[in-house]
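Note sheet for the following structure.
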Amino acid sequence: TTEPPIMLHYILVFNRAGKNRLAKFYTPYDADERRKLIYDVYRVVNTRDAKHTNFVAYRKQKIVYRRYASLFFCMVVDVDDNELSWLEGIHLYVESLDHYFGNVCELDLVFLFYKCYEVLDEIITAGMLMETSKAAILGRLVQIENIILDIQ
């Protein structure tokens, strides 16, 4: 029996200085390997010239990334995956964060990281892009906020 392929292996968000701001892994790695992957992906993405594409081969996978202001949003996917769909996934995530926080900034990722993961979990489940409607994502986030307020 073969395992079904996991399309998204992990997502990383870091600033231009290489400080990791968000990391979510959909394939298992130990802590040392995770640190090495974060550093390696940062090194690859940060040293690339801006005139190159936002896709780069990495090990037996592919890095799809986009820079927004001072943050790099990177998704490491299977080599056969559609790069443009993951690039759209990054854009959807950033737009959702921006709408949810009202002009998102790096400090939101640092101090409200749990909400960033909440937004990410509404878009990606088990390494698969599950929701592409920004309205549906934001609607569910409002429902979650209302439930939390009702509990308190």
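Here are the numbers:
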{"item": "Selection within segment 97-106 - open to solvent by 50 Å² or more (accessible area, probe 1.4 Å), within 18 Å of T132 (Cα to Cα) and free of Cβ contacts under 8 Å to residues at least 40 places away in the same chain", "result": "D98, H99"}
{"item": "Residue list for segment 49-69, filter: open to solvent by 50 Å² or more (accessible area, probe 1.4 Å) and either in contact with a Gly (Cβ under 9 Å, 6 or more places away or on another chain) or among the β-branched types (V, I, T) (or both)", "result": "T53"}
{"item": "Residues of segment 107-131 classified as open to solvent by 40 Å² or more (accessible area, probe 1.4 Å), hydrophobic (A, V, I, L, M, F, W, C) and not in a helix (DSSP H, G or I), total", "result": "5"}
{"item": "Identity of the residue in segment 16-28, in contact with a Phe, Trp or Tyr (Cβ under 8 Å, 6 or more places away or on another chain) and over 19 Å from V119 (Cα atoms), that ends up most open to solvent (accessible area, probe 1.4 Å)", "result": "R16"}
{"item": "Residue tally, condition assigned to a loop (DSSP other than H, G, I, E, B), in contact (Cβ under 8 Å) with a residue 40 or more places away in the chain and among the charged types (D, E, K, R), over segment 6-28", "result": "1"}
{"item": "Any chance V110 is without any contact (Cβ under 8 Å) to a residue 40 or more places away in the chain and under 16 Å from A23 (Cβ atoms)", "result": "no"}
{"item": "Criterion violated by W86 - all others in (1) in a helix (DSSP H, G or I); (2) closer than 11 Å to V13 by Cβ; (3) not basic (K, R) satisfied", "result": "(2)"}
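The values are calculated or read from the model by the stated rules, or taken from the named source; none is laboratory data. Values in this document were obtained by computation on a predicted structure and should not be read as measured data. Cβ atoms come from the backbone with ideal geometry, glycine included; neighbour counts cover every protein chain shown. Heads up: the accessible areas ignore ligands, DNA and RNA and are worked out on the full protein's heavy atoms, side chains in. Shrake-Rupley method; radii C 1.70, N 1.55, O 1.52, S 1.80 Å.
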